[in-house]
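Chemist: Could you have a look at this structure, given as structure tokens, before my questions?
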Amino acid sequence: MSPKHVIFKKLSRDKSVGVYMAKRDFVDHCDSIDPVDGVVLIDPVQVKGKKVFVMLSCTFRYGRDDMDVMGVAFRRDIFLTTRQVYPELQDKERSIHTKMQEKLLRKLGDNAIPFFFEFPDNLPCSVCLQPAPSDVGKVSSTASSSLSTSIHVSSVRLAIRKIQYAPEDSKTIPSSEITCEFLMSDKPLHMQVSLEKETHYHGEPIKVSVYINNSSSRSLKDITVQVTNVVLYSNDKYVRAVALEETSDTVPPGTTLKNVYTLIPLLAANKERRGIALDGKLKHEDTCLASSSIVKEEVLKEVQGMLVSYKVVVRLNASGEVAVEVPFRLMHPKPEPG
């Protein structure tokens, strides 16, 4: 039995134009990005010789939809490209089509026209920020992609997502350490923090190994372990804690502590917190904490919409704060082929 293929379609109100696509998620493999392809269906009677265009756009929105008033738009187009599909600029029979486009063209008939786009390397993945409970149904900030088909005043818009999956995990064990010397103390404090691996999947426990050698004369207390979500956009950034464990563990002078703390960063535990970065979602779909952004070294980060990263932070009170940070990736596993 052949597998069932889902086709996403959206028609304009007057049915003069519509767009058909085999998928709405497009994967950034770092070395390449899935092309955006589909089919536009037009009604020649209503088009009446007018031109029809397909537009791929990536928009960074930093305000709610209902804030676009008096000609002031709280959004910025990061990328915008347009193709004319009707009247056709090339022979449809001679162009190269994907298998799904070929099936749609046979099914929809002569009024169906294929289109094809490629994402540039520097576009961000789809990310949104969680609104406050009072902002029901609104998104305070988002970086997302969409596909639009227009014929003068008649148009249709279909939201799509650019996503990334976790790469094969390297053998490197993420770790960081710090050595602090205090006044009136002959010997230092040494703290080391390490993780099991660099890449963790959403919903997977993160085991944080903490080793403290307190050779100083100060007593250490109130050890705090947290996972923080760092969002970078334009030339600004902010940090939100998405998992936290506050302990009463103490390390008296001249002693050591070796312990493993387990944290699970989940959206379910952060539903009421405004500003948490989330994976971009399509209408009526659930989502999760935003995945880490993987960006090529040669790509300028300043042109991105929003970049997301994670780090484990271990803090302790030594009559002053001492902290160690260990960065890691939080992502979805790559699906099995097929």
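The values are calculated or read from the model by the stated rules, or taken from the named source; none is laboratory data. Everything numeric here is computed off the predicted structure, so don't read it as measured data. Note that each Cβ is placed from the backbone with ideal geometry, even for glycine, and that neighbours are counted across all protein chains shown. Note: accessible area is taken over every heavy atom of the protein model, side chains too, but ligands, DNA and RNA are not part of it. Shrake-Rupley method; radii C 1.70, N 1.55, O 1.52, S 1.80 Å.
Chemist: So, counting K/R as plus one and D/E as minus one, what does the shell of residues with Cβ under 11 Å around Glu321 add up to?
Modeler: Net charge in that neighbourhood comes out at 0.
Chemist: In what sequence, largest accessible area first, do Phe182, Phe60 appear using a 1.4 Å probe?
Modeler: Accessible-area ranking of Phe182, Phe60, largest first: Phe182, Phe60.
Chemist: Now for a different question. Which pairs, out of Lys197/Lys258; Lys9/Lys162; Lys237/Lys281; Lys51/Lys162, put more than 26 Å between their alpha-carbon atoms?
Modeler: Check vs 26 Å cut-off fails for Lys51/Lys162.
Chemist: Rank-order 98-104, 112-118 by packing density, defined as the average count of other C-beta atoms within 10 Å over each peptide's residues, highest first.
Modeler: 112-118, 98-104
Chemist: Would you please name the GluC sites (Glu not before Pro) within the range 170-233 that are DSSP coil residues with at most 13 other C-beta atoms within 10 Å of their C-beta?
Modeler: Glu181
Chemist: Amide H to amide H, which residues 5 or more places from Ile78 or on other chains are under 5 Å from it, using H placed in the peptide plane?
Modeler: Cys58, Thr59, Phe60
Chemist: Return the sequence-ordered ³J(HN,Hα) values of the range 110-116 in whole Hz as given by the Karplus equation 6.51 cos²θ - 1.76 cosθ + 1.60 applied to θ = phi - 60°, using x for Gly and Pro.
Modeler: Along the range 110-116, the couplings run 5, 8, 9, 10, x, 9, 8 Hz.
Chemist: What percentage of the solvent-accessible surface of the range 143-279, computed with a 1.4 Å probe over protein heavy atoms, is contributed by carbon and sulfur atoms?
Modeler: Accessible surface attributable to carbon and sulfur in the range 143-279 totals 48 percent.
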